[in-house]
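Heads up, the thing below is written out as structure tokens.
The values are calculated or read from the model by the stated rules, or taken from the named source; none is laboratory data. As the structure is a prediction and not an experimental result, all values here were calculated from the model. Cβ sites come from the backbone with ideal geometry, for glycine too, and all protein chains shown count toward neighbours.
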Amino acid sequence: MNHPISILGIAGSLRQGSYNRLALKAARQLTPQDARLEPFELDGIPGFNQDEEQNPPAKIVELKARVRAADAILFVTPEYNYSVPGVLKNAIDWASRPYGDSAWSGKPVAVMGASIGMTGTARAQYHLRQCFVFLNMYPLNQPEVMIANAAERFTEHGELTDENTRDHIRRLLEALVAWTRRLGSGKA
């Protein structure tokens, strides 16, 4: 696999000023030269309804196509109530259905997240990792990027200024690219 690695980035927040959306924006700027990172916006995805999984809404068709086309996935998740935000879990569920037609299967995946608190989304990231088992995704275990005290790391204009955090994100993306190359395409 000598082509540039395509990474699909998904922020688990709909809020425009979300630190996780800003972290995804920073990740795009820090992506290695032999890769490209393109975001997918979760806005407009309806709640999962099994009655509609055989004829999913257009946004879900697009999501599954984008997941399948990507070599790897990057989730950038906030933490809500010690877990994964509902909007992100909902998108994961849609793209895994109907049973036997999961777009996630075989994909290398990395996780990072930003929080105004001290734990930097650790619990949400661990819950996502539990989902990866059933989804048959191949998570990058290290480095971990848990951006604590996010309000101190971004400017009022949304720029990530903390060089240590930038370095952690850069290393995560470099490791994801190497992991993806090691595993092969991920386009099973």
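For the reader, a short list of remarks on this structure follows.
- Test: residue in the stretch 101-116 that is among the β-branched types (Val, Ile, Thr), in contact with a helix residue (DSSP H, G or I) (Cβ under 8 Å, 6 or more places away or on another chain) and surrounded by fewer than 17 Cβ atoms within 10 Å (Cβ to Cβ): yes
- Counting only residues that are loosely packed, with under 12 Cβ neighbours inside 10 Å and in contact with a Leu (Cβ under 9 Å, 6 or more places away or on another chain), the stretch 42-69 holds 1 of them.
- Annotation note: of Arg181, Arg170, Arg166, Arg129, the sole residue that is basic (Lys, Arg), in a helix (DSSP H, G or I) and closer than 15 Å to Asn20 by Cα is Arg166.
- Tally of residues being in contact (Cβ under 8 Å) with a residue 12 or more places away in the chain and in a helix (DSSP H, G or I) across the stretch 22-58: 9
- Residue in the stretch 117-138 that is surrounded by the fewest Cβ atoms within 10 Å (Cβ to Cβ), counting only those that are within 25 Å of Thr155 (Cβ to Cβ) and of a type in the set (Ser, Thr, Tyr): Thr119
- Scan of the stretch 141-164 for residues that are surrounded by fewer than 22 Cβ atoms within 10 Å (Cβ to Cβ) and in contact with a helix residue (DSSP H, G or I) (Cβ under 6 Å, 6 or more places away or on another chain), ordered by number: Pro143, Met146, Arg153, Phe154, Gly158
- Pick from the stretch 26-38, criterion under 13 Å from the mean Cα position of the chain (by Cα) and surrounded by fewer than 19 Cβ atoms within 10 Å (Cβ to Cβ), ranking: farthest from Ala175 (Cα to Cα): Glu38
Residue-by-condition table, conditions (1) over 24 Å from His168 (Cβ atoms); (2) without any contact (Cβ under 8 Å) to a residue 24 or more places away in the chain:
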| position | (1), (2) |
| --- | --- |
| Leu8 | no, no |
| Arg15 | no, yes |
| Asn20 | no, no |
| Lys64 | yes, no |
| Phe75 | no, no |
| Pro85 | no, no |
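- The residue pairs whose first member lies in the stretch 172-183 and is within 12 Å of Ala72 (Cα to Cα), whose second member is in a helix (DSSP H, G or I) and of a type in the set (Gly, Ala, Ser), and whose beta carbons are closer than 8 Å, counting only pairs six or more residues apart or on different chains, are Leu173/Ala27.
- Some residue of the stretch 70-91 being of a type in the set (A, V, I, L, M), buried (at least 18 other Cβ atoms within 10 Å of the Cβ), over 28 Å from Leu160 (Cα atoms) and at pLDDT 95 or above: no
- Taken over the stretch 109-126, the residue count meeting the criterion of being in a helix (DSSP H, G or I) and either in contact with a Cys (Cβ under 8 Å, 6 or more places away or on another chain) or in contact (Cβ under 8 Å) with a residue 40 or more places away in the chain (or both) is 4.
- Flag if Lys89 is in contact (Cβ under 8 Å) with a residue 60 or more places away in the chain and farther than 22 Å from Gln29 by Cα: no
- Looking across the stretch 66-105, the residues that are of a type outside the set (A, V, I, L, M, F, W, C) and assigned to a strand (DSSP E or B) come down to Tyr80, Ser83.
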